[in-house]
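S.K.: Pasting a structure here, questions to come.
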Amino acid sequence: MTSIFKEGVYDTGSYARTGTLTLGGIQIPTPIFMPVGTRGSIKSLTSEDISELGYELILANTYHLYLKPGKEVLDHFAGLKNFMSYKKALLTDSGGFQVFSLASLFKFEDDGVRFQSHIDGSYHKFTPASVIDVQRSIGSDIMMVLDDCAPYGSDTKRLELALERTHRWAKESYQYWMENPNGQNVFPIVHGGVNESLRLRSLETLQNIAFPGIAIGGLSVGEPRPEYIRILECMAPYLDKQRPHYLMGVGTVVDILEGVKNGIDMFDCVLPTRNARNGQVFTSRGKINLRNESHRLSDAPIDPECGCKVCKTYSLGYIRHLHKVKELTAFSLSTYHNLFFMQSFMEKMRKSIEIGNFRDFYAHWKNLFGS
Ligand SMILES: [Zn+2]
């Protein structure tokens with residue numbers, strides 16, 4: 001099988017690196033941030049906006065799309081990309097995390113997990129093969145295996161059980177996927193909570209299978225940042241350099257900095273879009289709360305250094321007003337700016353690695369976005 005990842009430049013003082021992901025003929029520079037389009041839409045934005053912002057890899061959620069619109073609609077429209085008129089690359093999670101966090105009820109069985117929909121209480125079952133089938137209907141370029149996400153704070157016994165289940169399901173998923181890869185890729189998910197030896201065992205077991213990439217789950221799920229960093233640092237030397245490394249559900253500026261420093265290539269998170277809808281935007285001077293009284297008469301843009309169309313056109317005072325009266329454009333303008341910010345933040349980070357300046361880049365942004 002041809003590799004989907006090509007290594008670029010390595011930082012000399014850390015595990016940070018650049019690279020290129022090739023998906024469906026599209027070449028995507030890494031490290032990359034992927035915005036989240038849970039139900040086939042990046043909330044408040046159009047597919048044209050996504051393309052204008054230059055995003056070439058976005059994420060959608062299998063659990064949500066399986067429930068609505070469901071497989072029949074996805075198959076009828078020949079996949080999600082076609083359905084939403086989005087032409088670039090797509091990654092989907094397996095739905096496991098949502099079953100454990102959203103479904104009103106779930107129960108493990110040897111071959112999968114049975115659950116009740118959070119929408120209407122109906123009963124469903126996910127197995128390693130069935131979630132790949134759903135992701136085939138969605139038509140994602142990168143699919144995820146079904147995993148067992150033990151919650152933060154689980155004891156060692158529970159973490160070991162999650163590992164055994166996750167590894168067994170990953171092997172089944174690999175075999176099932178290999179029967180008909182059909183241009184799609186699948187990544188396994190490393191678990192082990194904040195236990196270093198379990199993390200390393202999980203990483204080694206899963207890297208022994210010829211998956212095209214490797215994902216890390218169960219981080220940024222409530223653990224204090226020093227724990228998050230400790231686990232990333234313990235895995236960094238052992239990550240297979242030939243494959244892309246995806247850290248799931250991570251996306252604050254500081255968490256991304258720590259991730260890249262420890263060899264991570266791919267991130268996704270709802271924070272830049274969710275925070276935007278709540279009036280929090282990211283700027284070259286740090287975070288800003290758009291609802292603050294101090295912006296009432298401001299005719300300056302959100303960020304004078306930002307080149308996005310929102311900052312070129314609208315004042316902080318106007319966008320504050322839209323948030324205060326809950327106008328729908330408050331969501332779309334703020335989200336657009338935040339995703340433009342994330343895109344340019346990642347671009348500057350790649351540049352800093354290329355020119356051997358990652359250390360200064362890291363210190364500058366960590367200082368601005370400290371917490
Ligand atoms: Zn802007």
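S.K.: Using only Cα atoms and rounding to the nearest 10 degrees, what angle (0 to 90) does helix 225-235 make with the longest principal axis of the chain?
M.R.: Tilt relative to the chain: about 50 degrees.
S.K.: Between the stretch 225-255 and the stretch 158-199, what's the alpha-carbon centroid distance in Å?
M.R.: Centre-to-centre distance over Cα atoms comes out at 17 Å.
S.K.: A further question on this structure: Mind checking the angle between helix 128-138 and the chain's longest principal axis? C-alpha axes, 0 to 90 degrees, to the nearest 10.
M.R.: 40 degrees
S.K.: Taking R0 as 25 Å, what's the FRET efficiency between Asn278 and Lys309 from their Cβ-Cβ distance, rounded to 0.05?
M.R.: Working from the Cβ atoms, E equals 0.70.
S.K.: Okay, next question. Neighbour counts of other C-beta atoms within 10 Å: give me His295, His364 arranged from fewest to most.
M.R.: His364, His295
S.K.: Can you compute the FRET efficiency between Ser122 and Ala78 using 1/(1 + (r/R0)^6), with r the Cβ-Cβ distance and R0 = 25 Å? Round to the nearest 0.05.
M.R.: Result of the calculation: an efficiency of 0.45.
S.K.: Another question, then. Round to the nearest 10 and give me the degree value, 0 to 90, for the angle of helix 196-207's Cα axis relative to the longest principal axis of the chain.
M.R.: 70 degrees
S.K.: Between their Cα atoms, which of Lys241/Lys261; Lys312/Lys366; Lys43/Lys326; Lys6/Lys171 are more than 19 Å away from each other?
M.R.: As for pairs spanning more than 19 Å Cα to Cα, those are Lys312/Lys366; Lys6/Lys171.
S.K.: Contour minus end-to-end for Val270 and Val325, with contour as 0.36 nm per residue of separation and end-to-end as the Cα-Cα distance?
M.R.: Extra length available between Val270 and Val325 comes to 17.5 nm.
S.K.: Sorting check: for 207-217, 55-65, which peptide has the highest mean count of neighbouring beta carbons within 10 Å, and how do the rest follow?
M.R.: 55-65, 207-217
S.K.: So what is the calculated 222 nm ellipticity per residue for the chain, using -39500 (n - 2.57) for each DSSP H run with n of 4 or more, over all residues, to the nearest 500 deg cm²/dmol?
M.R.: Mean residue ellipticity, 222 nm, calculated: -12500 deg cm²/dmol.
S.K.: Note down the Stokes-Einstein diffusion coefficient of the chain in µm²/s, whole number, using a Kirkwood radius over alpha carbon pairs, 37 °C, and 0.692 mPa s.
M.R.: In µm²/s, the coefficient rounds to 155.
S.K.: Sort Lys68, Lys261 so the one with the fewest other Cβ atoms within 10 Å of its own Cβ comes first.
M.R.: Lys68, Lys261
S.K.: For the chain, modelled as a GNM with alpha-carbon contacts under 10 angstrom, which of Asp265, Asp110, Asp240 fluctuates the most?
M.R.: Asp110
S.K.: Now for a different question. Taking every DSSP beta bridge that has both residues in the stretch 169-298, what percent is antiparallel when rounded to the nearest 5?
M.R.: Looking only at bridges with both residues in the stretch 169-298, the antiparallel portion is about 35 percent.
S.K.: Once you place label points 7 Å from the Cα toward the Cβ at Tyr318 and Ile355, how far apart are they in nm?
M.R.: Those two pseudo-labels are separated by 3.3 nm.
S.K.: Points 7 angstrom from Cα along the Cβ direction at Val9 and Ser51: gap in nanometres?
M.R.: Here the answer is 3.2 nm between the modelled labels.
S.K.: Mind checking the dipole of the chain: about its Cα centre, +1 per Lys or Arg Cβ, -1 per Asp or Glu Cβ, Debye to the nearest 20?
M.R.: Result for the chain is approximately 860 debye, rounded to the nearest 20.
S.K.: Residues in the stretch 161-195 near a label at Glu109, defined as backbone nitrogen under 12 Å from the 7 Å Cα→Cβ point?
M.R.: none
S.K.: For the stretch 298-371 and the stretch 15-30, write down the distance between their C-alpha centroids in whole Å.
M.R.: 23 Å
S.K.: Let me ask something else about it. Does anything in the stretch 316-345 have its amide N under 12 Å from the 7 Å Cα→Cβ label point of Ala300, and if so which residues?
M.R.: Answer for this model: 316-317.
Any read-out appearing in this document is the output of simple, stated calculations on the displayed coordinates, not a laboratory observation. Treat the numbers as computed from the prediction; the structure is a model and nothing was measured. No Cβ is skipped: glycine too gets one built from the backbone with ideal geometry, and neighbour counts run over all protein chains shown.
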